[in-house]
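> Have a look at this one.
The values are calculated or read from the model by the stated rules, or taken from the named source; none is laboratory data. Nothing here was measured: the structure is a model prediction, and the numbers come from that model. Glycine gets a Cβ as well: all are built from the backbone with ideal geometry, and neighbour counts include every protein chain shown. Areas reflect the complete protein model, heavy atoms only, side chains present, ligands, DNA and RNA absent. Shrake-Rupley method; radii C 1.70, N 1.55, O 1.52, S 1.80 Å.
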Amino acid sequence: MLASKEDGPPYALDPLTLETKGPWRAGGGITSRTWTAHPKFDSRTGEMIGFGYAAKGECTPDIAYYVVNQHGKVTHEAWFRAPVAAMIHDCAVTQNYTIFPIMPYSSSLERLRAGGLHFQFEPDMPQYFGVIPRYGSAELVRWFRAPPAFPGHTVNAFERDGKICFDLLEANGNAFGPMFPDKAGNTAPFGSL
């Protein structure tokens, strides 16, 4: 059993006692510094699909993408860069593709060094959706843009008639409210979305 929080590796736990076993890196196969809070599992193959953003260190746009088989071995890895250094809290998986929705919360090493917050709400940032074939290389990643909004947790993804259908929660404005203000320090009050 794994416990994940996205700012470091997942931790292995004993599923009966909940004793912490330590960081889990798939026998050394996962080299990213981070791991998603929400990996996905394929019930047909037993594979776990996951990723780390800021994979090379704080505030980098690097993404490390992994497919791990049912025995805990990494069977596919691809490293690529997002169009912006920002939060990617969740992902979605279809039979043949993985989707990465970027949230409108930028990260900046300069801001951190100046004593600012790690994440800052960017109201004008377009939505970015990265799509990679399940076993694809970095060169096959395609990025799509949509008008500014908050893409929240994924609900479902599937393929139909040669198209990817992606269901997710979406909100206008700063869905995380006071946690991540914009550059002027403005926050959205709770319940405002």
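> Is the shape of segment 134-178 rounded, prolate or oblate, going by the alpha carbon gyration tensor and its root eigenvalues a ≥ b ≥ c, with a/c under 1.5 for rounded and a/b larger than b/c for prolate?
Because a/c hits 1.5 or more and a/b exceeds b/c, segment 134-178 counts as prolate.
> Taking a probe of 1.4 Å, how large is the accessible area per residue of the chain, in Å²?
Heavy-atom SASA per residue in the chain reads 53 Å².
> Evaluate the distance, in nm, between pseudo-label points positioned 7 Å from the Cα of Arg44 and of Ala114 along their respective Cα→Cβ axes.
The modelled label-to-label distance comes out at 4.9 nm.
> Please work out the Cα center distance from segment 6-46 to segment 100-168, rounded to the nearest Å.
Between the Cα centres of segment 6-46 and segment 100-168 lies a distance of 22 Å.
> Let me ask another. Counting Lys +1, Arg +1, Asp -1, Glu -1, what net charge surrounds Gly115 among other residues with beta carbon under 15 Å of its beta carbon?
Details: positive: Arg111, Arg113, Lys183; negative: Glu58, Glu110.
Local net charge: +1.
> Quick check: residue separation of Asp182 and Thr17 times 0.36 nm, minus the Cα distance between them. What number comes out in nm?
Net length gain for the segment: 55.2 nm.
> Where is the GNM fluctuation largest for the chain (alpha-carbon springs, 10 angstrom cutoff): Arg134, Arg33, Arg44?
Answer for the Gaussian network model of the chain: Arg44.
> Tell me whether segment 1-136 comes out rounded, prolate or oblate; compute the Cα gyration tensor, take square roots of the eigenvalues as a ≥ b ≥ c, and use a/c under 1.5 as the rounded threshold.
Cα axes put segment 1-136 in the oblate bin.
> Would you kindly state how much longer the chain becomes between Val155 and Glu77 on full extension, computed as 0.36 nm times their sequence separation minus their alpha carbon distance, in nm to one decimal?
This chain segment gains 25.6 nm when fully extended.
> Rounded to the nearest 10 Å², what accessible area does Thr75 have for a 1.4 Å probe in the complete protein model?
We get 80 Å² for Thr75.
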